[in-house]
Amino acid sequence: MDCIFCKIARGEIPSEEVYSDEKIFAFRDINPQAPVHILVIPRDHIESCDKINAENSDSVRAVFEAIPKIAAKAGLSGGYRVISNVGEDGCQSVKHMHFHVLGGKKLPENMG
Ligand code: AMP
Ligand code: ZN
């Protein structure tokens with residue numbers, strides 16, 4: 001499958017790795033929207049949050065168990081924001097479910 005985030009998780013496309021284990025991969029966003037902007041993805045290809053189900057939700061659990069470790073490693077002790085864009089109206093540009101971890105400053109209150 002020609003999915004850029006599957007390729008990044010497999011190391012076929014270079015990225016700035018932040019965290020990796022058997023289920024998930026985290027790397028710096030190429031176009032950061034905050035001083036810290038990390039993308040956390042499951043290694044399994046799941047299109048978006050809208051495709052989460054009982055068969056694949058282990059990957060989602062792994063993502064959320066890793067986020068506190070990733071945030072601590074990135075120095076986000078003051079807090080952070082986790083966002084996942086879904087589909088057309090959510091402005092999802094990469095169709096492999098990913099969670100943006102944003103922080104490193106006081107973030108704007110408005111989320112659109
Ligand atoms: P979204 O718009 O929620 O689908 O987010 C996709 C994100 O992936 C954007 O913030 C992009 O900057 C980021 N992105 C796209 N290609 C790469 C890449 N090769 N390495 C790192 N981040 C990327
Ligand atoms: Zn993929």
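The values are calculated or read from the model by the stated rules, or taken from the named source; none is laboratory data. In this text, all values refer to a predicted model and were calculated from it rather than measured experimentally. Neighbour counts are summed over all protein chains in view; Cβ atoms, including those assigned to glycine, are modelled from backbone coordinates with ideal geometry.
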### Query
Applying the selection to the range 1-23, what residues are of a type in the set (S, T, N, Q) and either in contact (Cβ under 8 Å) with a residue 40 or more places away in the chain or near ligand 1 (Cβ under 8 Å from one of its atoms) (or both)?
Ser15
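Criterion first (modelled with pLDDT of 95 or more, charged (D, E, K, R) and in a loop (DSSP other than H, G, I, E, B)) does Asp58 satisfy it?
Judged against the criteria, Asp58 is not a match.
For (1) more than 16 Å from ligand 1 (Cβ to nearest atom); (2) of a type outside the set (A, V, I, L, M), each residue gets a yes or a no:
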site: Ser59; (1), (2): yes, yes
site: Cys91; (1), (2): no, yes
site: Leu102; (1), (2): no, no
site: Pro108; (1), (2): yes, yes
site: Met111; (1), (2): no, no
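Being of a type in the set (Phe, Trp, Tyr) and either within 14 Å of ligand 2 (Cβ to nearest atom) or modelled with pLDDT under 95 (or both) is the filter; apply it to the range 1-49 and report the residue that is nearest to Met111 (Cα to Cα).
Selected residue: Phe27.
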### Query
In the range 89-111, which residues are in a loop (DSSP other than H, G, I, E, B) and away from ligand 2 (no atom under 16 Å from the Cβ)?
Asp89, Gly90, Cys91, Gly104, Lys105, Lys106, Leu107, Pro108, Glu109, Asn110, Met111
### Query
What number of residues within the range 24-50 are away from ligand 1 (no atom under 14 Å from the Cβ) and not in a loop (DSSP other than H, G, I, E, B)?
2
### Query
Quick check, is Lys69 under 18 Å from Val18 (Cβ atoms), touching a residue at least 40 places away in the same chain (Cβ under 8 Å) and either away from ligand 1 (no atom under 16 Å from the Cβ) or part of a loop (DSSP other than H, G, I, E, B) (or both)?
yes
